[in-house]
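Novice: A single structure is presented below for examination.
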Amino acid sequence: MNEEEYEIRISTETQYINNQSFPEQKRYVFAYTMTITNTGSMPATLLRRHWLITDANCNVQEVKGDGVIGEQPHLKPGESFEYTSVAILETPVGCMEGKYEMLAEDGKDFVTRIPIFKLSTPNTLH
């Protein structure tokens, strides 16, 4: 088995959504855009997601489910899939991390880790 066959690159962009957030009610809304790129040589399908979303009070939300935004994208080598979703925190700062469970075209299951990334309101973190 050649591990380079099963490589997925993840990139993330985040944005604070001011007009949907209500700090006085401890509601901070963040959009996150994920770009999933198959950098391996084997086509693969994203089957499931698993997120851990942590706020500044160490409250953790665990989110599991099939696919992302109602889709299970199939990525050929070199292809990317981009989507945007939201996370709602009770604090102005938090973080997310997780994994995507993938199925390669040859039948092999593999996991792509999503590195931790920060969620913060503007001018909160330097």
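Novice: If the cut-off is 22 Å between C-alpha atoms, which lysines fall inside it for LYS64, apart from same-chain ones fewer than 8 positions away?
Specialist: Correct list for LYS64: LYS99, LYS108, LYS118.
Novice: Give me the distance in nm between label points sitting 7 Å out from Cα along the Cα-to-Cβ direction at GLU7 and GLU71, one decimal.
Specialist: Placing both labels 7 Å beyond Cα along the Cβ direction yields 2.4 nm.
Novice: Using only the Cα atoms of the range 58-126, each taken as one equal point scatterer with no solvent, compute I(q) by the Debye sum, divide by I(0), and report log10 of the ratio at q = 0.25, 0.27 Å⁻¹.
Specialist: -1.34, -1.46
Novice: For the range 3-120, what does the convex hull of the Cα positions come to per residue, in cubic angstrom?
Specialist: Taking only Cα atoms, the range 3-120 has a hull volume of 93 Å³ per residue.
Novice: A further question on this structure: Could you give each residue of the range 69-78 its phi-based ³J(HN,Hα) in whole Hz, using Karplus coefficients 6.51, -1.76, 1.60 with θ = phi - 60°, and x for Gly or Pro?
Specialist: 6, x, 10, 10, x, 9, 10, 7, x, x
Novice: Taking the Cα centre of the chain as origin, work out the dipole magnitude from +1 charges on Lys and Arg Cβ and -1 charges on Asp and Glu Cβ, in debye rounded to 20.
Specialist: 420 debye
Novice: Right, something else. For LEU119, what residues show an amide H to amide H distance below 5 Å, using hydrogens built from the backbone and excluding near sequence neighbours?
Specialist: Counting only residues 5 or more places away or on other chains, the set is GLY94, CYS95, MET96.
Novice: Just tell me which aspartates and glutamates come within less than 18 Å, Cα to Cα, of LYS76; anything on the same chain fewer than 8 places away is out.
Specialist: GLU3, GLU4, GLU5, GLU7, GLU101, GLU105, ASP106, ASP109
Novice: Cut-off 14 Å, label point 7 angstrom out along Cα-to-Cβ of LYS26: give me the residues of the range 37-67 whose amide nitrogen falls inside.
Specialist: 55-61
A short reminder: the numbers here are calculations on the coordinates, not readings from a lab. None of the values given here were measured: they were computed from a predicted structure. Positions of Cβ are generated from backbone atoms using ideal geometry, with glycine treated the same way; all protein chains shown enter the neighbour counts.
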